[in-house]
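What follows is one structure encoded as structure tokens, with my remarks underneath.
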């Protein structure tokens, strides 16, 4: 029996084999007495295993972990980072600021967002949408 067959037997024992491969392996177990004997040994060993009782957490474990984390917290700082990491972070920050400022200045193509139904008034552009909302409310308020 080779290592691959042994692994397949373990997977069959665990229930991890796909149904078609499990069926094929079970057919082989019926045909091959050596494989069947290995399967029985493996199954006996598996069923005879007992998990050890869980060990309690040692006293003071949480305090020791917290103390070590506190000691190592000072080791993580920008001063400890390599120069290229700090330069890349600064470049990303500057790029974000520039792109954000540029996005506020760029208005793009001025296509009307809303056109009045009577076509007598000027079109309302997306930039003026909030202003037009307030002026529409004012007009409604003035209507009889």
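For beta carbons closer than 6 Å, sequence separation of 6+ or different chains, a first residue in the stretch 17-40 that is within 13 Å of residue 7 (Cα to Cα) and a second that is in a helix (DSSP H, G or I), the qualifying pairs are 17/11; 22/12; 25/8; 25/12; 35/28; 35/29; 39/9; 39/29. For the stretch 22-60, the tally of residues that are under 35 Å from the mean Cα position of the chain (by Cα) and surrounded by 10 or more Cβ atoms within 10 Å (Cβ to Cβ) stands at 1. Every condition in (1) at pLDDT below 90; (2) loosely packed, with under 10 Cβ neighbours inside 10 Å holds for residue 63 except the one numbered (1).
The values are calculated or read from the model by the stated rules, or taken from the named source; none is laboratory data. Keep in mind it's a predicted model, so treat the numbers as computed, not measured. All Cβ positions, even for glycine, are placed from backbone atoms using ideal geometry, and neighbour counts span all protein chains on display.
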